[in-house]
Each structure stands twice: as C-alpha cells, then as structure tokens.
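Structure, as structure tokens:
The values are calculated or read from the model by the stated rules, or taken from the named source; none is laboratory data. Bear in mind that the values here come from a model prediction, so they are computed numbers and not experimental data. Note: ideal-geometry Cβ built from the backbone for every residue, glycine included; neighbour counts use all protein chains shown.
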Amino acid sequence: MTKVVSAKDIDIVCDVINEGKVVAFPTETVYGVGVKFGSREALDRLMEAKNRDYSKAITLMVAYKEDIEKYAYVSDWAWKLISAFMPGMITLIFKKREGVDPIMTNGKETIGIRIPDNDYVLALLRNVGPMLVTSANLSNHPNTTSTKEVLDQLDGRIDLIVDGKTTDSIASTVVDVSGDEIKILREGKITKEDIEEVLK
C-alpha cells in the first residue's frame, strides 16, 4: 500500500527519499516519480515500479543551473537554452561527464537534465540533492496529473505520493544538445519556434 502525505509534510518526504525509496509528486508538467541520484538500488526500485525498460535512461533533476556542468558537458549554445528556458518545461540531453557512473544513465553516454519550474520540487531538490525523476505512470500507460491517477497505476509499487495536482498535463519538451546540432525529440509547451528564436 502506497502512503499519501500532504505537501506540508516535506520533512517526511525528504526522509523517505534519503532512504532510497520511490516518491511521486506533482510538478509543473505531469506527476513525477523519482529517487535520490547516486544509488543503484534506488534506481532499480524506480525501474521496477514503472516496469521500465533499462534501455531507457531516467532524467536527472537539479535545483541550480550551475549544477548542470557537474554532470554534463555544456556547449555555448546549450547555455543559451538553459538561460532562456530553465527552470522550466524543458529537458536537455547532454554528453555526460566521465565522472558520472554509467549505471546512473543506464549505460548511455548522454544524460537528460531538467530544472523544474515548481517551488515545491525545487525545495525537495535543495533538501535531498539531485534526483532521478520520470513521469509517474507505468511504462506505456498515460501520464498522470492527480494523486488518484498515480494511485490507479502505481499503488503498492512506490513508497509515497505527495498529495496534489499538476499545473499542466503536458510533458516537458526534450532537446538533444549532445552533438553538433540540436535535435528536438519531443515537443511540449516550449516549441521548435521558441528554441530557434533563442538560438538565432
């Protein structure tokens, strides 16, 4: 049985995350589910909870722009996107730094990073540090935007849900900036035109 707690109980939420357990919470896109970055056991729990294929990596959420270069190589034009859209509804995929354990990226040489534009999630990240976060749903099932929808899919599979609702129902725009040219892998509220305007 998955426990549901109020957003006011942030200390409880942080304790559960620090224990390596799996927690779902509302973001400014869809409901997210995540674990503390750096623990193989926690990542395994997250993958198992979602029934997610290990060929797919999980996005790293950080609280501060300057944290990004700890984990990724950032080009000048990638910095333009960071400056324009982070915090916000965008995930950028970078070439990862050698010091990042490939286990944390499911063997990939790239790492997706996002800074959420959500005060509550940023407070979590400032308390517990970076987290691996993905959408709070079973793989190949619809995204979730409320506590009830998360419970319908993940009850008993994750440890905790922060009660609430998301402020939107659209997942973040995903842009690959790991190569010589950008590739938009998924378009959300931030459009191709928005991105091109910044890179002019």
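Points worth noting:
- Looking across segment 74-121, the residues that are more than 18 Å from the chain's Cα centre (by Cα) and basic (K, R) come down to K80, R97.
- Within segment 39-52, considering residues that are of a type outside the set (A, V, I, L, M) and touching a Gly at 6+ places or on another chain (Cβ under 8 Å), the one farthest from D159 (Cα to Cα): S39
- A Cβ distance below 7 Å, combined with a sequence gap of six or more or placement on separate chains, defines the contacts here; from segment 76-102, residues that are free of Cβ contacts under 8 Å to residues at least 60 places away in the same chain and under 27 Å from R40 (Cα atoms) reach residues that are in a strand (DSSP E or B) and of a type outside the set (A, V, I, L, M) in the pairs K96/T110; R97/Y73.
- Conditions (1) of a type outside the set (G, A, S); (2) outside any loop (DSSP other than H, G, I, E, B); (3) surrounded by 22 or more Cβ atoms within 10 Å (Cβ to Cβ); number of the one not met by T27: (2)
- Filter result (buried (at least 18 other Cβ atoms within 10 Å of the Cβ), within 30 Å of E181 (Cβ to Cβ) and either in contact with a Phe, Trp or Tyr (Cβ under 6 Å, 6 or more places away or on another chain) or small (G, A, S) (or both)) within segment 40-59: A57
- Total residues in segment 136-192, condition under 30 Å from E98 (Cβ atoms), loosely packed, with under 15 Cβ neighbours inside 10 Å and among the acidic types (D, E): 2
- Where a residue in segment 123-135 is on the phi > 0 side of the Ramachandran plot and its partner, wherever it lies, is part of a strand (DSSP E or B) and modelled with pLDDT of 95 or more, with Cβ under 9 Å and at least six apart: G129/K36
- Qualifying residue in segment 158-177 (condition: within 26 Å of A42 (Cβ to Cβ), of a type in the set (S, T, Y) and assigned to a loop (DSSP other than H, G, I, E, B)): yes
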